[in-house]
Amino acid sequence: MKNNLKALRATKGWSQARLAEQLDVSRQTIISIENGKYDPSLPLAFRIARLFELPIEQIFDDEAQGLSS
């Protein structure tokens, strides 16, 4: 899943370690999410959205969204 977590984190001036601490996850989890190698659980996605005060859709982009069914 594509996301703009790295850019959002940069606007706050937060390190990966600081973001991980605020979300109660490992720094490796943040790295994996930012690189698109790990899709966060729904509860974690909601915590991220609340932390940045944005809707989930503004942080995460479902790549399949553009496919027609």
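The values are calculated or read from the model by the stated rules, or taken from the named source; none is laboratory data. Quantities reported herein were computed from a predicted structural model and do not represent experimental measurements. Don't worry about glycine lacking a Cβ; one is built from the backbone with ideal geometry, like all the others, and counts go over all protein chains shown. Surface areas here come from the heavy atoms of the whole protein model, side chains and all, with no ligands, DNA or RNA. Shrake-Rupley method; radii C 1.70, N 1.55, O 1.52, S 1.80 Å.
Considering only segment 47-66, state which residues are open to solvent by 60 Å² or more (accessible area, probe 1.4 Å) and more than 14 Å from residue 2 (Cβ to Cβ).
Taking segment 47-66 and keeping what is open to solvent by 60 Å² or more (accessible area, probe 1.4 Å), we get 47, 50, 53, 55, 57-58, 61-63, 65-66.
Scanning segment 47-66 gives 47, 50, 53, 55.
I need a count of the residues in segment 26-46 that are over 12 Å from residue 5 (Cβ atoms) and either surrounded by 15 or more Cβ atoms within 10 Å (Cβ to Cβ) or of a type in the set (A, V, I, L, M) (or both). Explain how you work it out, then say what you get.
Of segment 26-46, the ones over 12 Å from residue 5 (Cβ atoms) are 26-28, 37, 41-43, 46.
Okay, now just the ones that are also either surrounded by 15 or more Cβ atoms within 10 Å (Cβ to Cβ) or of a type in the set (A, V, I, L, M) (or both), so 42.
Count: 1.
Tally time: how many residues in segment 2-25 are closer than 18 Å to residue 62 by Cα and either surrounded by fewer than 16 Cβ atoms within 10 Å (Cβ to Cβ) or touching a His at 6+ places or on another chain (Cβ under 6 Å) (or both)? It would help to see each step written out before you state the result.
We begin by selecting, within segment 2-25, every residue closer than 18 Å to residue 62 by Cα; these are 2-8.
Okay, now just the ones that are also either surrounded by fewer than 16 Cβ atoms within 10 Å (Cβ to Cβ) or touching a His at 6+ places or on another chain (Cβ under 6 Å) (or both), so 2, 6-7.
Result for segment 2-25: 3.
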